[in-house]
Amino acid sequence: MNRTTAWLGIAGAIVVGALVAFAGSDGGIRCGALPVFAVCIALAYAMQWLAFVPAWLSRSERFFDLTGSATYLAGMGVALLASGAVDLRSGLIAAFVAVWAVRLGLFLFLRIRRAGADRRFDRLKARLPAFLMTWTLQGAWVSLACAPALAAITSRASVPGLDGWLLAGAALWLAGFAIEVLADEQKRHFRIRPENAERFIDTGLWGWCRHPNYFGEILLWCGVAMVAAPALQGWQLATLLSPLLIGLQLTFVSGVPLLDTRAKKRWGEDAAYRRYRERTPMLLPLPPRR
């Protein structure tokens, strides 16, 4: 990646944050002249840039995922504090985001600590613009992912505490969270066994689809958006595109394509792996085909 591409990536990530801040702030509460939603988005970027400084000086990505998790928690905390009295919907949304962020952040941090490094950063962390771009993109990712949650918490709209949207969204979040956790744990246990060092996983949920953890993540963010929906108004409704954009990002940009490319390089000549790819859906879990 050259410098120009990296700086364009940084600029694009900032533009994404600005657009999200504009949409989510419509009809939201303010702290003085500043929309609280926009403050939370600015905080997301500021935390990445502050964490980038020691990361760049040490050329380390070790705390990248923990920083992302802390950013979700900080955004939820600021939104709840600024909104004053916390109703059932806001409290549940914040709890969903916090539980997911803490679990995934710790899981990824421990995985990097065991591995010693994250191979995705091998080339990036040696070049300032490229490494800075990854942190800025994380700010955009956090802003986009939690946009419906932040918009609902900071909205001035009054909605019932318990309704069908909340119940259905909570069920969807629970299902997605369970799938993501189970998929991650199945893969972790598979990888720690020495005999599996050179094998690909095709058991458990991984026998139903090739990326069940991503399916679970998309599902849980759909649940968050569903719980948030009744509290949104005006341009805030645009934040409901968040799960769709997350799905597109994971499926076509940074998630599945990177992992599939790596897997093809490693097992592309393996007949068993080729059969696995042919018979196993990419994202939507379906019973294994014989």
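For segment 150-195, the Cβ-based charge dipole about the Cα centre amounts to some 140 debye (Lys, Arg positive; Asp, Glu negative; other atoms uncharged). Taking Cβ atoms as reference points and 9 Å as the exclusive limit, the residues near L104 contribute a net charge of -3, counting Lys and Arg as +1 and Asp and Glu as -1.
Spatially, segment 186-214 and segment 24-84 are offset by 34 Å when compared through their Cα centroids.
The angle separating the long axis of helix 256-267 from the principal Cα axis of greatest extent in the chain is about 10 degrees. When you filter the GluC sites (Glu not before Pro) in segment 114-217 for DSSP loop state and at most 13 other Cβ atoms inside 10 Å of their Cβ, you are left with E198. Once C-alpha pairs closer than 8 Å and six or more residues apart are averaged by separation and normalised to the residue number of segment 1-59, the relative contact order reads 22 percent.
Here the dipole of segment 1-118 is about 360 debye; that uses its Cα centre as origin and unit charges on the Cβ of Lys and Arg (positive) and Asp and Glu (negative). Among the trypsin sites (Lys or Arg not before Pro) in segment 92-133, those located in a DSSP loop and surrounded by at most 11 other Cβ atoms within 10 Å of their own Cβ are R123. Ligands, DNA and RNA are left out, and with a 1.4 angstrom probe the accessible area of segment 1-73 is 51 Å² per residue. Each helix, a run of at least 4 DSSP H residues, gives -39500 (n - 2.57); summed and divided by the residues of the chain, these come to -23000 deg cm²/dmol at 222 nm. Projecting the Cα atoms of A263, V227, L241 onto the charge dipole of segment 197-274, computed from C-beta unit charges around the Cα centre, puts A263 farthest toward the positive end. P(r) for segment 53-148, from all Cα pairs and a bin width of 10 Å, is 15, 41, 29, 12, 3 %, short bins first. With springs only between Cα atoms under 10 Å, which of V253, V142, V227 fluctuates most in a Gaussian network model of the chain? The residue that fluctuates most here is V253.
A simple charge model with +1 on the Cβ of Lys and Arg, -1 on the Cβ of Asp and Glu and nothing else charged puts the dipole of the chain at about 1100 debye relative to its Cα centre. For the chain, calculate the relative contact order in percent as a whole number, restricting contacts to Cα pairs under 8 Å that are 6 or more residues apart. With pairs under 8 Å counted, the relative contact order is 24 percent. Derived value for the chain: Kirkwood hydrodynamic radius 20.0 Å. Basis is the mean of 1/r over every pair of different alpha-carbon atoms.
Dividing the radius of gyration of the alpha carbons in segment 124-187 by their Kirkwood radius gives 1.16 for Rg/Rh. Axis of helix 242-252 versus longest Cα principal axis of the chain: the two differ by about 20°, to the nearest ten degrees.
The values are calculated or read from the model by the stated rules, or taken from the named source; none is laboratory data. Given the structure is predicted, the values throughout are model-derived calculations rather than measurements. Cβ atoms come from the backbone with ideal geometry, glycine included; neighbour counts cover every protein chain shown. Each accessible area value is taken on the protein alone, full model and side chains, heavy atoms only, with ligands, DNA and RNA left out. Shrake-Rupley method; radii C 1.70, N 1.55, O 1.52, S 1.80 Å.
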